[in-house]
Amino acid sequence: MSNDKLIIFDTTLRDGEQSPGASMTRDEKVRIARALERMRVDVIEAGFPIASPGDFEAVQAVARAISESTVCGLARALDKDIDRAGEALEPAASSRIHTFIATSPIHMQMKLRMKPEQVLEQAVHAVKRARQYTDNVEFSPEDAGRSEIDFLCRVIEAVIDAGATTVNIPDTVGYNMPHQFGELIRTLIERIPNSDRAVFSVHCHNDLGLAVGNSLSAVLNGARQVECTINGLGERAGNAALEEVVMTVQTRQDIFPCHTGLDTTQIMTCSRLVSGITGFAVQPNKAIVGANAFAHESGIHQDGVLKSRETYEIMRAQDVGWSANRIVLGKHSGRNAFRTRLQSLGIELGSEEELNDAFARFKDLADKKHEIFDEDLQALVTESGLEAGNEWVKLVALKVCSETGETPHAAVTLWIEGEERPATSSGGGPVDATFRAIEKLVNSGTELQLYSVNNITSGTDAQGEVTVRLQLDGRIVNGQGADTDIVIASAKAYVNALNKIIQREERAHPQLGDV
């Protein structure tokens, strides 16, 4: 492999899913995987097959759906994990097993309760077993950033001899500084005799806001794979953001001696898709994909950009998929024009039924809004996906009354397991009254942890996008809904979360060990 190629390893579907409430269904994972493939991501880590039957099925479904990117499954350094991953990845055109074991003193002593020699032996055994299923094996020494360098070198040299083709160095707890982490990568490559036989990779967490900085420092010191997620999604403070890593390398070719093969114009499509499915809104000032990333309010900045874009913009908005195009379709437009516009946005619907459903939603929205933007289309398609499948409860009708000096009141009708049921309730506001009425019917016992509202586009007729986070018996889910009426959007989001938390099967938390 050429040393100037930087491999992009996306772990949105695995590590990104570990964000509380970000769990995805099998079909949602396939949708995101297809978007990542269109962006030409090199490796897609689809999940942790041993975690649950649902995780196994999701990895298997992604393996079947993807033909251009390599599909990866995570496995602890245990035979049962590796065998399960090998089985899940069997349909893949190109597969990788990613196995790991902790190497830091604190993890070996307190978590694994294993001696260093036992860890070394287990690491080698795991790589050899994974090689029975694929010749593309990645090994990660968990908590490498706090591991003793001599032992780390021994382990890495041994796993490369055993057949590991990629060695990933994780900053599992986001503890390292960029100069420190870069030096670690350089030292490992220089000290390990067979380091030239494997690609060195990094997987950085953002606990101190340094995930991207640490990853890029590692690249400058010889790493040629970066593990990252769309929008920086991930547990705790998240992971290195794919869009930031990729665009930094592309923009600063004067510094970075490598390049990615990504189609960066697909970045915005992926960002919106992941945000819509997980319910994790992107902050406006987020680099690359935030709504303000290419906005200029200062008069001096505006004047400069109008004269020459390069005065205040170091990259083009179009290069990452931003577009000023507005859809000119209206309620009299046809299905073919609608499909064509979706395709131009990189949106592919799996079936004619899904297209018909999205088109019907488009027609309804065209009756409510004068102008429909690309962001509205993204929300329409996401909402179609959210409501796909067997729903336990659906919103049928909602009527609210809110006036000055009076207690807000809501009347809700839900479809619950084949039967329409009405309920009414009052509350501190129209949304509170709506949620109370829904709970009268479902009696879910859930705890509301988050209620968030974002506008999809500008204007008073803009769709509102609502995220609701519910918790039940330690399980956390996000629900999402969109509508020009914010109360209806809120009800949709609450119902969506209820369907997730009631139907979601028990699963082992994928954070059985992290890289």
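Derivation of every value follows stated rules applied to the coordinates shown; laboratory data play no part. These figures come from a predicted structure and were not determined experimentally. Virtual Cβ from ideal backbone geometry, glycine too; neighbours counted across all protein chains shown.
Some observations on this one:
- Gain on full stretching of the segment that runs from GLN109 to ILE416 - 0.36 nm per residue minus C-alpha separation: 105.4 nm
- Sequence-distant contacts, meaning Cα pairs under 8 Å at least 6 residues apart, place the relative contact order of the chain at 12 percent.
- Theoretical ellipticity at 222 nm over the chain - DSSP helices of four or more residues, -39500 (n - 2.57) apiece, nearest 500: -11500 deg cm²/dmol
- For HIS259, the amide hydrogen comes within under 5 Å of the amide hydrogens of LYS5, LEU6, counting only partners 5 or more places away or on other chains and with H modelled in the peptide plane.
- Vicinal HN-Hα couplings computed from phi for region 18-24 (Karplus, 6.51 cos²θ - 1.76 cosθ + 1.60; Hz; Gly/Pro x): 6, 4, x, x, 9, 4, 10
- Only one residue of GLY86, GLY21, THR99 has its Cα farthest out toward the positive end of the dipole of region 1-150, where Lys and Arg carry +1 and Asp and Glu -1 on Cβ, and that residue is GLY21.
- Residue-wise HN-Hα couplings along region 105-113, as the Karplus relation 6.51 cos²θ - 1.76 cosθ + 1.60 with θ = phi - 60° gives them from phi, are x, 5, 6, 5, 7, 8, 9, 7, 6 Hz; Gly and Pro carry x.
- For the pair region 1-80 and region 453-475, the centres of their Cα atoms are 26 angstrom apart.
- Whether region 64-215 is rounded, prolate or oblate, judged on the alpha carbon gyration tensor where a/c under 1.5 counts as rounded: prolate
- Footprinting exposure proxy for MET108, MET177 (fewest neighbouring C-beta atoms within 10 Å first): MET177, MET108
- Here the Karplus curve 6.51 cos²θ - 1.76 cosθ + 1.60, taken at θ = phi - 60°, turns the phi angles of region 115-126 into couplings of 7, x, 5, 5, 5, 4, 5, 5, 4, 5, 4, 5 Hz, with x standing for Gly and Pro.
- Out-of-range pairs (alpha-carbon distance over 25 Å; input LYS29/LYS369; LYS111/LYS286; LYS286/LYS363; LYS5/LYS80; LYS29/LYS80; LYS368/LYS440): LYS29/LYS369; LYS111/LYS286; LYS286/LYS363; LYS5/LYS80; LYS368/LYS440
- Enclosed volume per residue, in Å³, of the convex hull spanned by Cα atoms of region 1-129: 134 Å³
- Near CYS204, the amide H atoms lying under 5 Å from its own belong to ASP171, GLU227, ALA240; only residues 5 or more places off or on other chains count, and H is placed 1.01 Å from N.
- For SER140, the residues whose amide H sits under 5 Å from its own are THR99, PHE100, ILE101, ASN168, ignoring neighbours fewer than 5 places away on the same chain, with H placed 1.01 Å from N.
- Gain on full extension, evaluated as 0.36 nm per residue between LYS363 and THR460 minus their Cα-Cα distance, stands at 33.0 nm.
- Assigned charges on the beta-carbon of Lys, Arg, Asp, Glu; the chain dipole about Cα centre (debye): 180 debye
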